[in-house]
Amino acid sequence: MSANNDRALSRRGFLSIAGVGALAAASGCSSSSRARIASLTAFSGGGSYGSPHYRTMYGQMVDNGEVIPAVNLNRVPEQFLRREVADPTGEKPGTIVVDTDAKFAYYVMPGGRAMRYGVGVGREGFGWSGRADVRAKKIWPTWTPPREMIERKPDLAEYAGGMPGGIMNPLGARAMYLYQGNRDTLYRLHGSPEYWTIGTNDSSGCIRFMNQDIIDLYGRVKVGTPVLVRAGAYV
């Protein structure tokens, strides 16, 4: 998969909601049209969804000149909202652990605590698991589809040189690049404008976060941070 963005994709209708599945299959880092994103920013609902805490956490923000829309929290199940929890992983502080079954990512903190984020993960046939480390971090990264992806979807060839970062980019506001030794796994921890896909298997292997959450995680993570991606058994 390779990580980056997708401003121009909307031109071809890849980014309409009807075309999201096609782009996800092609890139693993899909994004919707600006009109579709704007239509989903209206906020309603009660309970914790309407609390000032979550309204602030997932409200509209401006980041490096890009306007990140507020998350419509009615489109995200409450368990996938960011929160501090007791660490269930047993990994050392400073480790990122992704549970692909539960659709949670944990950033392990000292004192037996962890910050938990909801994530979207790879569809069957595109998932990845194992240990790696963060070798690079990028703000509003460029998306460059790898050769194998272009072979599957030739229309992506025009992006072989990369698409610049921005709100329509499939990699969202931040990306962290996972390596095993000197080998790029081609998998990323990255943001996504498609917050309604959090908690689903709707990418080609990348681990996607809401943009507000990937910005939070990015600020905690250093180059060299260990990452464990596994299926289950954390609760």
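All of the numbers you see were taken from the coordinates with simple rules; none came from a lab. As the structure is a prediction and not an experimental result, all values here were calculated from the model. Note: ideal-geometry Cβ built from the backbone for every residue, glycine included; neighbour counts use all protein chains shown.
Cα convex hull, segment 81-141: 123 Å³ per residue, rounded to a whole number.
Subtracting the Cα-Cα distance of Arg75 and Ala136 from 0.36 nm times their residue separation leaves 18.9 nm of extension gain. Dividing the convex hull volume of the alpha carbon atoms of segment 56-198 by its residue count gives 140 Å³ per residue.
Starting with the highest mean, order 82-89, 138-145, 175-182 by the number of other Cβ atoms within 10 Å, averaged over the residues of each peptide. Before the final figure, lay out each step's value.
Values: 82-89: 15.4, 138-145: 21.6, 175-182: 18.4.
Result, highest mean first: 138-145, 175-182, 82-89.
Which net charge results for the neighbourhood of Asp63, defined as the other residues with beta-carbon distances under 14 angstrom from its beta-carbon, given Lys and Arg at +1 and Asp and Glu at -1? Don't skip to the end; give the middle numbers.
Values: positive: Lys138, Arg174; negative: Glu66, Asp213, Asp216.
Here the count lands on -1.
Overall shape: oblate for segment 147-200, with the ratio a/c of the largest to smallest alpha carbon gyration tensor axis at 1.5 or above and b/c at least equal to a/b. List residues of segment 187-228, by number, whose backbone nitrogen lies under 16 Å from a label position 7 Å along Cα→C-beta of Lys92. Answer for this model: 222-228.
Provide Rg over Rh for segment 120-209; use the alpha carbon set for both Rg and the Kirkwood Rh (inverse mean inverse pair distance).
Numbers: Rg = 12.8 Å, Rh = 13.5 Å.
Reported Rg/Rh (Cα atoms, Kirkwood Rh): 0.94.
The alpha-carbon of Lys222 sits under 29 angstrom from the alpha-carbons of these lysines, leaving out residues fewer than 8 places away in its chain: Lys92, Lys103, Lys137, Lys138. Sorting 98-111, 155-168 by average packing, meaning the other beta carbons within 10 Å per residue, from highest down gives 98-111, 155-168. Return, ordered by residue number, the residues of segment 73-100 whose backbone nitrogen is under 17 Å from a label point located 7 Å along Cα→Cβ of His53. Residues passing the 17 Å test: 73-74, 77-87.
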